[in-house]
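Since the structure comes first, as structure tokens, the remarks are kept for the end.
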Amino acid sequence: MEDRSEVVRMKGITKVYPNGIAANQSVDFSVRKGEIHALMGENGAGKSTLMKILFGLEQPEEGEIVINGEKVVLSSPNAAIAKGIGMVHQHFMLVPSLTVAENIVLGMEPRKRGMFLDYARAVSLTEEYAERYNLQVDPHAKVMDIPVGMKQKVEILKALVRGAQILILDEPTAVLTTQETTELFRELIHFKEQGHTIIFISHKLKEIKQITDRLTIMRAGKSMGVFDTADVSEQDISRLMVGRDVVLKVEKEPPSPTDTVLSVTDVHYQNEYGKQMLGGVSFSVRKGEILGIAGVEGNGQRELVEMLFDMNQPDSGAIEVEGRPVAGKGQAYIRGLGVSHIPEDRMLYGVAAAGTIEENLIADRFQKPRFNKGPLFKMDAIHEESDRLIEDYQILCRSGGQQVKMLSGGNIQKVVVAREFSCAPKLIIADQPTRGIDVGATEFIRRKLVELSREGAAVLLVSADLNEIIELSDSLIVFYGGEIVAYFEDTSTLTDLEMGEYMLGLKRQSPEEIRRVIHA
Amino acid sequence: MLENILGIIFSIPFAFSILRITTPILFAALAAVVADRAGVTNIGLEGIMMISALTGVIFSAWTQSAGVGLLCAMVIGMLVALMIGFFALILKTDIILAGIAVNMLGSGGTILFMYLASGDRGYSANLASKVMPSIDIPLIKDIPVLGQILSGHNVLTYVALLCVFLVWVLLYKTPLGLQIRSVGENPNAADSVGVSVNRISFIALGISGVLAGLGGAFMSMGYMSSFNTNMTAGRGFIALAAEAMGRGEPLGTFLTSLLFGFADALANNLQSLGFPAELVKMTPYVFTIVGLAVYAASTMNKAKKIRHHSKTKKAGAAQAGA
């Protein structure tokens, strides 16, 4: 049935990326004029892809887009802007050394006497729109000097000045403080009253309930349906958003944890924008157990992992490995304590992509006496080590001399894992260890993690994959808003429904319950 | 000895020569400013100057018109710069390598073409080339001391000074300048509002080529009256240093160019006082190294201050929160 008030209708949108990941599978999405419509889903559910298609940044393989009743092809952002669509990106598209007014008119500069920039007009245009939409900005300030909240206003103004009637906001509150968020919501409601349509990408339930009229939920590239916000409970949304399509089983013996290896005590951290990312996090990981950290991305997990490896330092609190503090000690020292790390971004922190497999495998141990003879390498010993690891970790390659970047994602991850697991680690920090890799490599890495923990290593597993975190972890903590909101000592009876409620901030355990994760 | 040096430095001919010597460096440094602000490093300035210097000589000799020679030098300068753009932006070679190739073409290719045009390999004695005129500025030329320093220069010296202002207007007062600065600083932002990054980079390179072409033309049609092999003698590189020290600002770059002009003028005079020529010729380059070191130290200091500033701000915010 044709809904006359519909301003956007996307029908049967399918998008498959060159690496074979189907980000959108036959997705239907529609928005009515003058509503605030939430697009919800976990990381990787396909919501950003869908919006990139609507803004002309990506082209779908299948499907059609209808704007204001007219079928359109959006081949570039300019085409989308011409149809009245504006997007406020999560990472601002601003030029820091230019003033607010200059950023707003960039690409559509008002001119005087034919060839000169009419800066006064740029300022008055900025003021005019700022006034009309109640977005207070300083037109003369340089963008590098203004706070994040104002930068976002500049982005919104950029879209409005270009005539946007439909405004897409990609996780707009992720970078904002609580006060800035409240302000943004007031502004969004003001836009709505002026007849604008807003698409709001988020996975924060409270915000969605607070300001949206309707919502569309996505999971694993598919739409789970459209709902009136008033008609669905937070529990319903949580169940639709977070869920396992296939339940995975990992064979493992019950853990027998002993001494504490990693202890994190009351860690606080504010990021460079003054937003609190960690608010008093305390937990410990013992020998022989796998402790999982679950949570929607952006709730402090990344900041914590960076601190464990001294890539960042806490504002207060202590992080100790076997009683030795790690802050400010550098990675070599931390590795010397027996800590190994599977980084979230394997291409950036895990491997040197242009180097060979062999070079990457010995990157943490090439200084050891057994690989050196005076100033020269003992190549025989190195070849031997590398060949052994390639065989043990089933790295599919022609030889150890092959460049790492020529391998598949799964095999690159196996190179990382082979190095990190073969150095007799006491503590393994596994950050999204199986993200984006094939089933075979995934299973292999999971089995290895369990094996090492049962041999006595302490494992801290951070994963956005619910299946993985529930099945692999012996016990589990949930991060929400930079705090631990739940501790599950035994994951075997845990359901995804229950987890979802903690991950999305609907429930939290009492401080006493959470405190049990500290094994002094 | 020191007295002699000071005597030279505070003499009128010395002050006059600074402006003269600064001219080609200033043209090239402004060329570096325009390219660099658009995010394309034009390291081929030296080569462009050489090619333009020869072009000016050949075409002014053929047409017996200094103006046509100058125009051809500017056009060739632009074309060579656009060629760097073609290699770097379209064919995606490294822009530094493309620039180095142009420099080598400039030092070797000019000798070949001069030989073909004049039969000479060392300098263009057989070509009856023209020079740009010198001009006296009314009123100013009558002021004592100052008039003698500022008036009577080659017309291109005045063009160079005018270009400082024009480049400033271009960068800060025109839509094109705004787009050049955005493309250089955050190409994604420019792209997201429909500004074509490649188009702006090409335009900036073209302007850069014209300015370097003017610098080359001054060398053979003002500073000297013929073309010599390797006559630019590293001025294209000194200009890059002047641009970096001037932080890419037209006025700052003018001041640093003057500094290098001063060093060069000093070198010329010290030689006449009996300092060893080899040592003296190092002066401008020593200035370059010292200048770049000072510049690097000051930027590092600045970065440290910013970091410190944001940290204290953070601490302040934390306290306010608590």
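No lab work stands behind these numbers, since they all come straight from the coordinates. Only a predicted model underlies this, so the values are computations on that prediction, with no experimental measurement involved. Counting neighbours? That spans all protein chains shown, and the Cβs are built from the backbone with ideal geometry, glycine included.
Around the amide H of residue A:402, modelled in the peptide plane, lie the amide H atoms of A:357, A:358, all under 5 Å away and 5 or more residues distant in sequence or on another chain. As an equivalent ellipsoid, the stretch A:340-423 spans semi-axes of 20, 14, 12 angstrom, where each value is the square root of five times an eigenvalue of the C-alpha gyration tensor, largest first. Between the residues A:134, A:93, A:191, the greatest Cα displacement towards the positive end of the dipole of the stretch A:6-241, with unit charges on the Cβ of Lys, Arg, Asp and Glu, is found for A:93. A Förster radius of 41 Å, combined with the Cβ-Cβ distance separating residue A:489 from residue A:381, puts the computed FRET efficiency at roughly 0.35. Once backbone amide H atoms are built at 1.01 Å from N, residue A:218 has A:40, A:41, A:224 as its partners under 5 Å, excluding neighbours fewer than 5 places away on the same chain.
Entry note: the stretch A:6-241 has Rg to Rh equal to 0.98, where both radii use alpha-carbon atoms and Rh is the Kirkwood radius.
Three principal axis extents describe the C-alpha atoms of the stretch B:1-91; from largest down they are 57, 38, 17 Å.
Just to verify a number: FRET efficiency for residue A:316 and residue A:515, C-beta to C-beta distance, R0 = 22 Å, to 0.05? With a Förster radius of 22 Å, E is 0.75.
Net charge dipole, the stretch A:340-423: roughly 160 debye, given to the nearest 20, about the Cα centre with Cβ charges of +1 for Lys and Arg and -1 for Asp and Glu.
Determine, from the Cβ-Cβ distance of residue A:251 and residue A:90 and an R0 of 60 Å, the FRET efficiency 1/(1 + (r/R0)^6), rounded to the nearest 0.05.
Numbers: r = 40 Å, r/R0 = 0.66.
Taking R0 as 60 Å, the efficiency between residue A:251 and residue A:90 is 0.90.
Working from Cα pairs under 8 Å separated by at least six residues, relative contact order for chain A is 15 percent.
Only Cα sites of the protein assembly as shown enter the Debye sum here, all with the same form factor; the resulting log10 I(q)/I(0) across q = 0.07, 0.08, 0.09 1/Å is -0.73, -0.91, -1.06, listed in q order.
Using just its DSSP H runs of length 4 or more, each adding -39500 (n - 2.57), chain A gives a mean residue ellipticity at 222 nm of -9000 deg cm²/dmol after division by all residues. Of all beta bridges that DSSP places with both ends in the protein assembly as shown, some 60 percent have antiparallel geometry. Here residue A:15 is the anchor, and the aspartates and glutamates within straight C-alpha reach of less than 15 Å, apart from those fewer than 8 places off in the same chain, are A:28, A:58, A:61, A:62, A:64. For residue A:112, a cut-off of 16 angstrom between C-alpha atoms picks up these aspartates and glutamates, skipping any fewer than 8 places away in its own chain: A:102. Helix A:148-161 and the long axis of chain A differ in direction by around 40°, with both axes built from C-alpha atoms.
Computed 3J(HN,Hα) for the stretch A:218-233, one whole-Hz value per residue from the Karplus formula 6.51 cos²θ - 1.76 cosθ + 1.60 where θ = phi - 60°, is 10, 8, 6, x, 10, 7, 9, x, 10, 9, 6, 4, 5, 8, 10, 7, glycine and proline marked x. When only the Cβ of Lys, Arg, Asp and Glu is charged (+1, +1, -1, -1), the dipole of the stretch A:37-120 relative to its Cα centre reaches about 380 debye.
Taking Cα atoms only, the orientation of helix B:95-104 departs from the longest principal axis of chain B by about 10 degrees. One compactness figure for the stretch A:183-283 is 1.60, namely its Cα radius of gyration divided by 2.2 N^0.38 Å. Contact order, relative form, for the stretch A:6-241: 28 percent (alpha carbon pairs under 8 Å, 6 or more residues apart, mean separation divided by residue count). A straight chain from residue A:190 to residue A:373 at 0.36 nm per residue would run longer than the Cα-Cα distance by 58.6 nm. Based on Cα contacts under 8 Å between residues 6+ apart, the stretch A:32-134 shows a relative contact order of 15 percent.
Note on the stretch B:2-316: Cα convex hull, mean projected area over all directions, 20.3 nm². Can you list the aspartates and glutamates whose alpha carbon is less than 16 Å from that of residue A:368, not counting same-chain residues fewer than 8 positions off? Once the sequence-local aspartates and glutamates are set aside, what remains near residue A:368 is A:358, A:359, A:380, A:384, A:385, A:420.
What is the magnitude of the charge dipole of chain B about its Cα centre, with +1 placed on the Cβ of each Lys and Arg, -1 on the Cβ of each Asp and Glu, and no other charges, expressed in debye to the nearest 20?
So the magnitude is around 1080 debye.
Comparing B:262, B:104, B:250 along the charge dipole axis of the stretch B:2-316, the residue lying farthest to the positive side is B:250, per the Cβ-charge model. Relative to the longest principal axis of the Cα atoms of chain A, the long axis of helix A:119-132 makes an angle of roughly 90 degrees. For residue A:342, the amide hydrogen comes within under 5 Å of the amide hydrogens of A:429, A:430, A:431, counting only partners 5 or more places away or on other chains and with H modelled in the peptide plane.
Per the Debye calculation on the stretch A:248-350 with a single equal scatterer at every Cα and no solvent contribution, log₁₀ I(q)/I(0) for q = 0.11, 0.21, 0.22, 0.25 Å⁻¹ amounts to -0.37, -1.26, -1.34, -1.51. What pairs from A:33/A:83; A:11/A:249; A:158/B:92; A:206/A:252; A:142/A:206; A:158/A:206 go past 26 Å between their alpha carbons? Over 26 Å apart, Cα to Cα: A:11/A:249; A:158/B:92; A:206/A:252; A:142/A:206; A:158/A:206. The phi-based Karplus calculation (6.51 cos²θ - 1.76 cosθ + 1.60; θ = phi - 60°) puts the 3J(HN,Hα) values of the stretch B:30-36 at 5, 4, 5, 4, 4, 5, 5 Hz, whole numbers, x for Gly and Pro. Placing a pseudo-label 7 Å from each Cα along the Cα-to-Cβ vector at residue B:278 and residue A:144 gives an inter-label distance of 4.4 nm.
Each residue of the stretch B:133-141 was assigned a 3J(HN,Hα) from its phi angle through the Karplus expression (A = 6.51, B = -1.76, C = 1.60, θ = phi - 60°), giving x, 8, 10, 8, 9, x, 6, 4, 5 Hz with x at Gly and Pro.
Dimensions of the stretch A:27-124 along the principal axes, based on C-alpha atoms and rounded to the nearest Å, stand at 49, 31, 27, largest first.
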